[in-house]
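What follows is a single structure, written as structure tokens, with notes after it.
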């Protein structure tokens, strides 16, 4: 990121991918999203391979990578290990197997329900398997029995073959039902701002499950294994990567490549529990590599549509390379069996043999098959849900939000603004396109024209390699270089108004094409920016004054591409987040780059910039005002009309309310026009 300096400006600014001239027609940028996703996916894959290419460097940086994963799961710093308050609510015995129904609190009120399986006859401490469940609903008459019921044959299998096994419910589909689908279908995009993912809760519950197992006299805590299928496979990756107590791991159908998730559409089949908040832009072999050199068997079927074979093999081969560098190729395996995304006997047998080999040092035949021996009623932990449970709403409180007090003095406010800017560059904006500080913005004049007493200049901004955006500057004909630029950042409604005004005052620019995208994205009920009034006021002003208007629509507004259907738009936003971005973080970048580009033009170098934005994107405008010191003033709606932007982990730096108050104090909010 370049450093930004404060300068005054009066401009109405508008960014968008437009159909204006042959070089700036909308179709030229119709693929910005797909091109951006592909480029960022490749970048993540390449950086992951580079991180795993040298063993000594890997060993040195591994603690840092573990801390990064902690942060991306919302576990940094580690939550306090509060008392588990473990309880056994019932015990059943059948065919040589004892099962205890247990509960504990991984955090106060965050109840974990599970079944603890052990052999009826036991003479020594045994290796313990933590089995984490996939998505399987078991309910009747409005009562959820937990997905542990659907997978309980795994616990039986281990108990019959010389293991103890703890099988736990997930927060989605458990006895106490929480939520995995906040961004997937509930519109809870604030999860991104909070840095929250249910993957973090499931990882923490898994880690606390190991704490519980350590408390049991039947368990040899030096011989922990972990496995699970689908969602449970994913949680196996998280826990084994974070907790060295896992001596051997067999994640089943729980991982594939970023290419599969983002480009090949697998993300559309997965809820939020499968993903970290990927601010460090990891490809998934990075997660697998953190288990090395401990024994790891990657297990999958060959016709799994949501964990495709090519991606599974890609993760295996890249992780295998690191095991090879460790000199531990015998500690990694790939097990592929025939079949769809399904829990099969062949997958179960392979996992059992892997644990026998590395937790028992033997390879004995399995004496019995996995079978379901207990009823759902027998495996239910609670007759009545605890009144103090927070499991169903844990997404609201799992990650605390820091409180910042805004100082009274202007100098201290400016210092705080600098600190917040730095903090956001390390989190929400850490993956902005990398441009050297001494490299000029790609901001070039395309054409200029005069008409109706006004002069119009059209610039082309290359915000990044995938996205070119037009910027229009309007001032009085024959006016001197502007001393103030009022930059108007437009939503679809304001952009449509601008296109209409341009066609009226500058017939040569009547080819501005915004109709289709605006019609498809008519979610805004209106705008608080009156483009016609702004241009008319400029026309009626003294020709010697130094005012100019800049119009600009960031990407995915105006005429640029963005999915028109809700489902498509939802998964586009989820794809961006999985690559360490949000649409709003890229829009903030567009605005900052536009201001930089304007400032590097000789005619505008000494102009003061004022930023204005419609209600729909006022949060983006507010954040851009903080991030660019070139913006000296900001003109915003009232605080209750400002829509918070969606930015990864931003709440961990500053709440949006505090950010808005600070920008108002430091940028001298002007009266809304």
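The values are calculated or read from the model by the stated rules, or taken from the named source; none is laboratory data. For clarity, every value in this text was computed on a predicted model and none was experimentally measured. A quick note on method: Cβ atoms are made from the backbone with ideal geometry, for glycine too, and the neighbour counts reach across all protein chains shown.
Things to note:
- Sole residue being modelled with pLDDT of 95 or more and either over 25 Å from residue 66 (Cβ atoms) or assigned to a loop (DSSP other than H, G, I, E, B) (or both), chosen from 323, 280: 280
- In the set 329, 334, only one residue is free of Cβ contacts under 8 Å to residues at least 40 places away in the same chain, within 20 Å of residue 227 (Cβ to Cβ), in contact with a helix residue (DSSP H, G or I) (Cβ under 8 Å, 6 or more places away or on another chain) and surrounded by fewer than 18 Cβ atoms within 10 Å (Cβ to Cβ); that residue is 334.
- Each residue in segment 111-127 was checked for being over 18 Å from residue 203 (Cβ atoms) and not in a loop (DSSP other than H, G, I, E, B), and 7 of them qualify.
- Some residue of segment 344-361 being assigned to a loop (DSSP other than H, G, I, E, B), surrounded by fewer than 13 Cβ atoms within 10 Å (Cβ to Cβ), more than 30 Å from the chain's Cα centre (by Cα) and outside the structural domain of residue 623 (by TED's automatic domain parsing): yes
- Residues of segment 39-65 that turn out to be surrounded by fewer than 16 Cβ atoms within 10 Å (Cβ to Cβ) and either within 25 Å of the chain's Cα centre (by Cα) or in the same structural domain as residue 326 (by TED's automatic domain parsing) (or both), as a count: 10
- Highlighted here are the helices (runs of 4 or more DSSP H) found entirely within segment 555-635 that include at least 1 residues which are crowded, with 21+ Cβ neighbours inside 10 Å, free of Cβ contacts under 8 Å to residues at least 60 places away in the same chain and touching a strand residue (DSSP E or B) at 6+ places or on another chain (Cβ under 7 Å): 618-627.
- Residue 407 being touching a strand residue (DSSP E or B) at 6+ places or on another chain (Cβ under 6 Å), at negative phi and not in a strand (DSSP E or B): no
- Annotation: of all residues in segment 133-186 being in a strand (DSSP E or B) and in contact with a helix residue (DSSP H, G or I) (Cβ under 7 Å, 6 or more places away or on another chain), the one that is nearest to residue 369 (Cα to Cα) is 165.
- For the residues 79, 127, 108, 83, the requirement of being loosely packed, with under 13 Cβ neighbours inside 10 Å and touching a residue at least 60 places away in the same chain (Cβ under 8 Å) singles out 108.
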